[in-house]
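Below is one structure, written out as structure tokens; comments come after it.
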Amino acid sequence: MQPLYLTINDPLHAQNRIKEVFGFDSKILLGVIEDSFSARNETTNNHPKIYGGYRNFAEGTAFLRERLLSIGYLKYTQGNSEWVRNEKLGILISFMTGNACVGLKGQVPSNTESLRTEKVARNRNPKGSMFSRIANAQLHGDMLTTHSTTDTWCWVLMYYIDYKNKIIRSELSCPSKLTENGKFFTEYHERIILKEISFDPESEFDTILSPAPTPAPIDFEIKRKNA
């Protein structure tokens, strides 16, 4: 199914679109993002500095594959490019981190922090040449001719951890253009913005921390029983 060439940020519209195109509930993607973040938080100061980010990526990729295997998706690897694939639907999905523009309408997400000033949401880590080879059909050529015959569309599940506001923003998007060096996303055929995930303990346990209402006093009279 071809992309819609728009950004979807209405929760209900996003839910329906994901079900229509990919055949699963958006809650699966949110669960992947949340659980991979939990795995990241299990790292300590004794681990190498880059391990937290790598574990987030590695566990997220594994969770995505494990949870989609039962509905027709398979593991797909080309070189060092990791995906989950549904050959029947003509879909590839890759899990990755993005910059601060991820999950924000009106800004273009990407995989690099250096493009924040341009309000371009991008993948934070540069993509190798294998990504552009796999996604070649959707990245080049005339949209009405070449893209109309594209057999497989490559999508990216990108997330951004906003530690200041204690939320994770994410989106499932279909890149249409890379930077000249072929490493970072600059434009998209379609962006589906997902629901924000909060990791603020206070917001999660507000109802538990609230004191229970004090019951109203009960007046009663004690009478001595006659002998």
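Summary table below
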| item | result |
| --- | --- |
| Unit charges on C-beta of K, R, D, E only; dipole of the stretch 11-101, Debye | 120 |
| Dipole axis of the stretch 35-79 (+1 Lys, Arg; -1 Asp, Glu on Cβ), positive-most option in S36, G53, F63 | G53 |
| Surface per residue (accessible, 1.4 Å probe) for the stretch 1-69, Å² | 57 |
| Cα-based convex hull, the stretch 23-84, per residue volume (Å³, whole number) | 77 |
| Semi-axes of the equivalent ellipsoid for the stretch 152-195, Cα gyration tensor, largest first, Å | 23, 14, 7 |
| Set K27/K183; K19/K164; K164/K195; K27/K75; K19/K183 screened for pairs whose C-alpha atoms are more than 27 Å apart | K27/K183; K19/K164; K19/K183 |
| As computed over the stretch 1-131, the Cα convex hull volume per residue (Å³) | 132 |
| Principal semi-axes in Å for the stretch 55-115 [√(5λ), Cα gyration tensor, largest first] | 25, 14, 11 |
| The stretch 29-72: GluC sites (Glu not before Pro) falling in loop per DSSP and having at most 11 other Cβ within 10 Å | E42 |
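The values are calculated or read from the model by the stated rules, or taken from the named source; none is laboratory data. Since the structure is predicted, the reported quantities are computational estimates derived from the model, not experimental observations. So basically every Cβ, Gly included, is an ideal-geometry build from the backbone, and we count neighbours across all protein chains shown. For the accessible areas, the whole protein counts, side chains as well, though only heavy atoms, and no ligand, DNA or RNA atoms are used. Shrake-Rupley method; radii C 1.70, N 1.55, O 1.52, S 1.80 Å.
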